[in-house]
Amino acid sequence: MIVLRGSGELGRLEALRENAPLVLVPTMGALHEGHLTLVRQAAVHGQVVVTIFVNPTQFGPGEDFAAYPRDLDEDLRLLAGTPTVAVFAPAVGDVYGRPGEVTVRAGRRAEGLCGALRPGHFDGVLTVVAKLFGMVRPSLALFGRKDAQQCLVLEQMVHDLRLPVRLLDVPTVREPDGLAMSSRNRYLDAGQRQRALCLARALAAGRACLADGQRATAAVEAAMRAELVAADSVDYAAVRLLPELEMTASIQDGRVLLAVAARVGPARLIDNLALRVERGAVMEAGLMGGGDAAGT
Ligand code: PAF
């Protein structure tokens, strides 16, 4: 595994590129089993390049940019036990140069949910991912399904900017009790960790409602919200149509996203579940590329 600490070293990827396609797993570090699953999945498709970069432009004022956990040595130790062939860990100055430089503005899929509550967040995500695509030039990039809106916003960027890269979303990795793995779980003490389970319970409640035949969005959202009483505050408990994230008053056959965001102690946590509703049956679905790859 080679470690590239600056953009000046990116030329070292060229020799690798000759062997097999490069597959990118972009991360902000603080790696956990969810990231390692992405890496293992990525290795099925080619040579894995992991980027580790805490991207300042996707954090808003008052968010946790300064506190975000950073431990490159530990991340490299974890990656050494995976099929990663290269790690790119640039400094801020390698990624962002002059004031007033070109940025990407997210499109319609970023308008609601986290996009509405974290202004500029998805612009920052798209800008950095576009830069990472430009620097690494992967054939394929993998993203976790927990960040569902991020996946969909990225898919729109790749489509609208005609970027020559394929995207794949990978199922959320959960702790045995259901908590979605997240670098921000490190902020939780034992009591908060227990209360954070309400996000996964909210998604399960929404899914159970749909499985019982409920098709009124308000009723499904109310069932989700009822589980979130254990959180300190709730940003949203929402049902949206996939892939465009439109609101709907009633749920027809097709794909829907159950989405929750809530604050527990110092952590703002999100969780998501993509479902396909079909003639009374409700099954897990994927997000990107038509959503067929439920268990990718
Ligand atoms: O999901 C993340 O960790 C980040 O948003 C990403 C995609 C690495 C961009 O900074």
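Working from Cα pairs under 8 Å separated by at least six residues, relative contact order for the chain is 16 percent.
Can you show me the helix-derived [θ] at 222 nm for the chain, built from DSSP H runs with n ≥ 4 at -39,500 (n - 2.57) apiece and divided by the number of residues, rounded to the nearest 500. Let's see the in-between values first.
On the way: 10 runs with 95 residues, N = 296.
Taking each H run of at least 4 residues, the total per residue is -9000 deg cm²/dmol.
Sequence-ordered 3J(HN,Hα) estimates for region 141-151 from the Karplus curve with 6.51, -1.76 and 1.60 and θ = phi - 60° stand at 9, 10, 9, x, 6, 4, 8, 4, 5, 4, 4 Hz, glycine and proline given as x. Annotation: per residue accessible area for region 146-296 equals 43 Å², rounded to a whole number [probe 1.4 Å, protein chains only].
Across region 14-28, computed HN-Hα scalar couplings (Karplus, 6.51 cos²θ - 1.76 cosθ + 1.60, θ = phi - 60°) run 5, 5, 5, 4, 5, 7, 6, x, 8, 10, 9, 10, x, 9, 9 Hz from first to last residue, x flagging Gly and Pro.
Here the label points at Ala216 and Glu284, each 7 Å from Cα along the C-beta direction, are separated by 3.0 nm in the simple model. Taking amide H as placed 1.01 Å from N in the peptide plane, the amide H of Arg166 sits under 5 Å from that of Leu140, Ala141, each at least 5 places away or on another chain.
Treating r as the C-beta distance of Ala15 and Arg98 and R0 as 25 Å, the FRET efficiency rounds to 0.20.
Among the protein heavy atoms of the chain, carbon and sulfur supply 53% of the accessible surface, probe 1.4 Å, non-protein parts ignored.
Here the relative contact order of region 18-144, from alpha carbon pairs under 8 Å that lie six or more residues apart, stands at 38 percent. Model label points for Asp177 and Ala190, set 7 angstrom from Cα along the Cα-to-Cβ axis, are 1.0 nm apart.
Show me the ranking of peptides 216-224, 25-33 by mean Cβ neighbours inside 10 Å, starting with the highest. Numbers along the way, then the final one.
Working: 216-224: 18.7, 25-33: 21.0.
The densest-packed peptide leads the list: 25-33, 216-224.
For the pair Asp160 and Ala91, label points projected 7 Å from Cα toward Cβ lie 3.4 nm apart. The antiparallel fraction among DSSP beta bridges confined to the chain stands at about 55%. Can you tell me the 0 to 90 degree angle between the C-alpha axis of helix 121-136 and the longest principal axis of the chain, rounded to 10? Taking Cα atoms only, the helix is inclined about 40 degrees.
Using a probe of 1.4 angstrom and keeping all protein chains present, the accessible surface of region 26-109 works out to 47 square angstrom per residue.
The values are calculated or read from the model by the stated rules, or taken from the named source; none is laboratory data. All of these numbers come straight from a predicted model, not from anything done at the bench. Note that we place each Cβ from the backbone using ideal geometry, even for glycine, and neighbour counts take in every protein chain shown. What goes into the accessible areas is simple: the full protein's heavy atoms, side chains included, and nothing from ligands, DNA or RNA. Shrake-Rupley method; radii C 1.70, N 1.55, O 1.52, S 1.80 Å.
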